[in-house]
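So that we are looking at the same thing, I have put the structure below in structure tokens.
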Amino acid sequence: MKIIILGAGQVGSSVAENLVSEANDITVVDTDIPRLQAMQDRLDLRTVVGNAASPHVLAQAGADDADLLIAVTASDQTNLCACRIAKTLYNLPTRIARLRSMDYAEHPELLDDSNFAVDFSICPEQEVTDYIKRLIAFPEALQVIEFAGGRLSLVAVRAVGGGPLVGRQIKALREHLPDIDARIVAIYRNDTAIMPDGDTVIEPGDEVFCLAASEHVRAVTAELRRLDKPMRRIMIAGGGNIGYRLAASLEDRYEVKLIEHARPRAEFLASNLHSALVLQGDTTDEMLLEAENVDDMDLYLALTNDDENNIMSSLMAKRMGAHRVVALINRRAYADLVQAGRIDIAISPAQVSIGSLLAHVRRGDVAAVHSLRRGAAEALELVAHGDRKTSKVVGRRVDEIRLPEGAMIGAIVRRSQREVLARMSDVTVHETEERVVMPHHDTVIEPDDHVIVFCADRRVVARVERLFQVGFGFF
């Protein structure tokens, strides 16, 4: 595809890096010349210097024959204006905009073709907020992602000695949980991927990826480590967009303390949050953390815009006794360095939000894409279409599908219609029923199945997508 990316910040550069590796023709537009030069030195792409909302600049970037526009600058207004121009002047087919303000979600009609002409909108801050909330719901997890509207969850857990399944073969999971269908789709041992089978032994320290119906996740997690107590006390360092959104969504159910350095912002937070305690101060101030009983916190979240401050304050909070610490880190090198050390979880905002963008770029019918292990692996939700003649997967058993090495079909969400007799009117209506299927070697893929595929190495993703593309006979 020919893709124009507006904005070379953290989100834009992460998108470019992912898409360039898939042999797309990428052009990046930004006003920051050094940043563009650094990207061009590192990646095989074209850059254009200028205002992303200028018709002349969009023309230079090749808008007249581009397939996709991804507007991810830091300005909502620039992103919206660029989408409108791309539609009106160049009839660019697909336009995606990053929108940080919550106002636009309340007025979706502003994004239709008669207004700003945005086909899809993303809000990385909200996606990171939702991601952290899932981690709070599952305190033992390193990563929690959902498929099929939340019916199915993939959870990464660090195995700890003493867990019922640790030191035993994976096939023992069926004996321990006979009434629960679950699948261990990958194990990372010393940062090396292991594609497991029933005889694989789980060792302490393994990073284990488990796939199960969402209501069964905690039972599966308990096989790998002792379950933590539910969280009650949470301290958030940083009152920016993410910190504010998170505090507002948690304050009714948890004891929340929020530290913000800038006094005007702290005053804004205090007037807009109801029960959360807002403190004005430095997140790396040891005396402040001690005075606010950081040692009594179930979770400490460092969510400022400064990677170094987040790392330092998280390390300090952990040393002072916080049970679990999470740091927001933009630079991937930093995230890789601190993960699995004293900091329990390092979150890369760009990697969390990249999936919603990739789902619109992937070939075939891709319902969801999730980046795992800070971009090293991926999990995809692909929709199977066609029949045995037009598809390489439909009508075939799992063991007949020629998946590349490092890819595994972890689960299937199967949708079926059933007839229900309405009590009041005696009219038969059709309801869609969804059920989670953990496939075995002889499970046959049916049309419209949502197939969850785990790719331990993201380099095999393109080959997986090609498997799910239908032939011309389908059309």
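The values are calculated or read from the model by the stated rules, or taken from the named source; none is laboratory data. In this text, all values refer to a predicted model and were calculated from it rather than measured experimentally. So basically every Cβ, Gly included, is an ideal-geometry build from the backbone, and we count neighbours across all protein chains shown. Heavy atoms of the whole protein, side chains included, go into the accessibility calculation; ligands, DNA and RNA do not. Shrake-Rupley method; radii C 1.70, N 1.55, O 1.52, S 1.80 Å.
With every protein chain present, what accessible area does Tyr334 have (1.4 Å probe, heavy atoms only), rounded to the nearest 10 Å²?
The accessible area comes out at roughly 60 Å².
Residues of the stretch 255-408: accessible area per residue at 1.4 Å, in Å²?
44
Sticking with this structure for a sec: Per residue, how much accessible area does the stretch 107-201 have with a 1.4 Å probe, in Å²?
On a per-residue basis, 43 Å².
Another question, then. About its Cα centre, how strong a charge dipole does the stretch 33-92 have in debye, to the nearest 20, once Lys and Arg get +1 and Asp and Glu get -1 at the Cβ?
Around 160 debye, computed over the stretch 33-92.
Calculate I(q)/I(0) for the stretch 235-341 by the Debye formula, one identical point scatterer on each C-alpha and no solvent, and give its log10 at q = 0.12, 0.14, 0.16 Å⁻¹ to two decimals.
Computed log10 I(q)/I(0) values: -0.36, -0.49, -0.64.
Identify, among Ala86, Ser114, Ser348, the residue whose Cα sits farthest towards the positive end of the charge dipole of the chain, taking +1 on the Cβ of Lys and Arg and -1 on the Cβ of Asp and Glu, with the dipole about the Cα centre.
Comparing the listed Cα positions along the dipole, Ser348 ranks first.
State the Kirkwood hydrodynamic radius of the stretch 207-270 in Å, one decimal place, computed from all pairs of distinct Cα atoms.
After inverting the pairwise mean of 1/r, the radius is 14.3 Å.
Another question, then. Can you find, among Ala59, Tyr334, Ala377, the residue farthest towards the positive end of the dipole of the chain? Put +1 on the C-beta of Lys and Arg, -1 on that of Asp and Glu.
My answer, from the dipole projection, is Ala377.
Could you please put Lys257, Lys389 in sequence from largest to smallest accessible area, using a 1.4 Å probe?
Greatest to least solvent exposure: Lys389, Lys257.
Continuing with this model, one more query. To the nearest 10 square angstrom, what accessible area does Met320 show with a 1.4 Å probe?
40
Taking the Cα centre of the stretch 49-203 as origin, work out the dipole magnitude from +1 charges on Lys and Arg Cβ and -1 charges on Asp and Glu Cβ, in debye rounded to 20.
It works out to roughly 400 debye.
Further question on the same structure: On a straight-distance basis, which lysines could pair with Lys2 in a cross-link, Cα separation under 30 angstrom, same-chain partners fewer than 8 positions away excluded?
The reachable lysines, counting only those whose Cα sits under 30 Å from Lys2, are Lys87, Lys392.
If you roll a 1.4 Å probe over the chain with all protein chains in place, what percent of the accessible area is carbon or sulfur?
C and S atoms contribute 49 percent here.
Using only alpha carbons, build the gyration tensor for the stretch 255-311 and give me the equivalent ellipsoid semi-axes, biggest first, whole Å.
17, 15, 11
Set Lys and Arg Cβ to +1 and Asp and Glu Cβ to -1, take the dipole of the stretch 262-353 about its Cα centre, and tell me which of Ala317, Leu303, Ala276 lies farthest positive.
Going by the Cα projections, it comes out as Leu303.
With contacts defined as alpha carbon pairs under 8 Å and 6 or more residues apart, what's the relative contact order of the chain in percent?
Worked out over the chain, it gives 10 percent.
With only alpha-carbon pairs counted, each pair once and no self-pairs, how large is the Kirkwood hydrodynamic radius of the chain in angstroms?
24.1
Using a simple charge model, +1 on the beta-carbon of Lys and Arg, -1 on the beta-carbon of Asp and Glu, nothing else, what dipole does the stretch 75-154 show about its Cα centre, in debye to the nearest 20?
About 220 debye.
Still on this structure, please answer the following. With every protein chain kept in place and ligands, DNA and RNA left out, what is the accessible area per residue of the stretch 1-90? Probe 1.4 Å, answer in Å².
40
Ratio of the stretch 150-309's C-alpha Rg to 2.2 N^0.38 Å, to two decimals?
The stretch 150-309 yields a ratio of 1.32.
So for the stretch 92-201, what percent of the C-alpha to C-alpha distances run longer than 21 Å?
Looking at the stretch 92-201, the distances longer than 21 Å represent 57 percent of pairs.
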